[in-house]
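Here's the structure we're looking at; comments come further down.
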Amino acid sequence: FAVNPLAINVPFLRSSTTEFTGYGISNPTPEPATIVAFATDQDGQTIAGTNNPAISVLDPYEQISFIGEQFFGLEEGSHLGWIQILSNSDWTRSFFLNSATSSEYMDGTLADAWLYGDFHIPSVAEDYFQGVSTIQTELFFVNPNPVSVTLQLRLRDAAGTVVGSLDQAIAPGAMLSGTIRDLFFRDSTVVDIASGYLTGSSTTLFGVAGFAMTRYFDPTGAVKTIRSLP
């Protein structure tokens, strides 16, 4: 297949009765490219599916698009995890988009082969009051390495003051995910971060892939729109 395949880590695989995620994989070269894609759960285990891993050959300048659970032949139901795409071409590119089944919103971001030992997520927000959210930021971090990685996450307000800290180990192949409240203020009944940002660093030589998704809710609790930041 390849001595040193390109590994693209897509830090988001989520589907349910109310949402789905679409993916695109592109081959922008005049040569064919072979890809092998694996769907993995939050604990780093391969999700049972009739086509997992999925193998495909992309013709020159071809792009394929697919829904995650259909591409891998996953069982019906809710799925949460991540996808790794291996390619024998260094030029293979990918992206993903999360959407409501009612098509009320859609957003996502690029996925690439970079892993980050130090990083910034430049915009996060959380507005939670006694069980009701109007704004919610979810964080997603994947450790595709064969060793455990410990992340040091620091939540900062607009002035740069640290308002939340989390040091968390992520097992090989596993992912860390949750809302700002889940990760930093689990027992709080009120969380109000109108404009903040997140800094992170790995305590090992190995980095992670990740992104943030901010959701905005209407008064009924339905998602109005989302925006994603790599």
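The values are calculated or read from the model by the stated rules, or taken from the named source; none is laboratory data. Just so it is clear, the structure is predicted and the values come from calculations on it, not from any experiment. Positions of Cβ are generated from backbone atoms using ideal geometry, with glycine treated the same way; all protein chains shown enter the neighbour counts. Protein only, heavy atoms only, side chains kept; ligands, DNA and RNA dropped before computing areas. Shrake-Rupley method; radii C 1.70, N 1.55, O 1.52, S 1.80 Å.
Kindly check whether there is at least one residue in the stretch 206-215 that is in a strand (DSSP E or B), within 29 Å of GLU104 (Cβ to Cβ), in contact with a Gly (Cβ under 6 Å, 6 or more places away or on another chain) and at pLDDT 95 or above. Even if it seems obvious, please write down each step before you answer.
Of the residues in the stretch 206-215, the ones in a strand (DSSP E or B) are 208-215.
Filter once more, so that each one left must be within 29 Å of GLU104 (Cβ to Cβ): 209-215.
Those still in the list that are in contact with a Gly (Cβ under 6 Å, 6 or more places away or on another chain) too: none.
No, there is no match, as no residue in the stretch 206-215 is in a strand (DSSP E or B), within 29 Å of GLU104 (Cβ to Cβ), in contact with a Gly (Cβ under 6 Å, 6 or more places away or on another chain) and at pLDDT 95 or above.
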Within the stretch 112-138, how many residues turn out to be under 12 Å from the mean Cα position of the chain (by Cα) and at pLDDT 95 or above? 1
Open to solvent by 50 Å² or more (accessible area, probe 1.4 Å), within 21 Å of THR109 (Cβ to Cβ) and modelled with pLDDT of 95 or more, is that true of PRO28? yes
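Among SER195, SER177, SER201, SER165, which is closer than 21 Å to GLN42 by Cβ, among the small types (Gly, Ala, Ser) and either in contact with a strand residue (DSSP E or B) (Cβ under 7 Å, 6 or more places away or on another chain) or part of a strand (DSSP E or B) (or both)? Spell out how you get there, then give the answer.
Numbers: SER195 fails: closer than 21 Å to GLN42 by Cβ; SER201 fails: closer than 21 Å to GLN42 by Cβ; SER165 fails: closer than 21 Å to GLN42 by Cβ.
Result: SER177 is the single residue among SER195, SER177, SER201, SER165 that is closer than 21 Å to GLN42 by Cβ, among the small types (Gly, Ala, Ser) and either in contact with a strand residue (DSSP E or B) (Cβ under 7 Å, 6 or more places away or on another chain) or part of a strand (DSSP E or B) (or both).
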Residue that is nearest to ASN9 (Cα to Cα) [pool: residues in the stretch 31-74 that are in contact (Cβ under 8 Å) with a residue 60 or more places away in the chain and open to solvent by less than 50 Å² (accessible area, probe 1.4 Å)]: THR40
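Considering only the stretch 4-43, state which residues are assigned to a loop (DSSP other than H, G, I, E, B) and either more than 13 Å from the chain's Cα centre (by Cα) or within 17 Å of ALA113 (Cα to Cα) (or both).
We begin by selecting, within the stretch 4-43, every residue assigned to a loop (DSSP other than H, G, I, E, B); these are 4-5, 16-18, 27-32, 42-43.
Within the stretch 4-43, ASN4, PRO5, SER16, THR17, THR18, ASN27, PRO28, THR29, PRO30, GLU31, PRO32, ASP43 meet the criteria.
Can you find, within the stretch 98-142, the residue that is least open to solvent (accessible area, probe 1.4 Å) among those that are among the polar types (S, T, N, Q) and closer than 19 Å to ASP157 by Cβ?
Taking the stretch 98-142 as the starting set, the residues that turn out to be among the polar types (S, T, N, Q) are 98-99, 101-103, 109, 123, 130, 133-134, 136-137.
When the remaining residues are screened for being closer than 19 Å to ASP157 by Cβ, the result is 123, 133-134, 136-137.
On the way: SER123: 36, SER133: 25, THR134: 58, GLN136: 40, THR137: 0 Å².
The residue in question is THR137.
Just need a number here: residues in the stretch 216-229 that are open to solvent by 20 Å² or more (accessible area, probe 1.4 Å) and part of a strand (DSSP E or B).
In the first step, residues of the stretch 216-229 are kept if they are open to solvent by 20 Å² or more (accessible area, probe 1.4 Å); the result is 216-225, 227, 229.
Subsequent filtering for residues that are part of a strand (DSSP E or B) retains 216-217, 223-225, 227, 229.
Selection size over the stretch 216-229: 7.
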I need a count of the residues in the stretch 164-186 that are open to solvent by 60 Å² or more (accessible area, probe 1.4 Å) and within 11 Å of LEU198 (Cα to Cα). 1
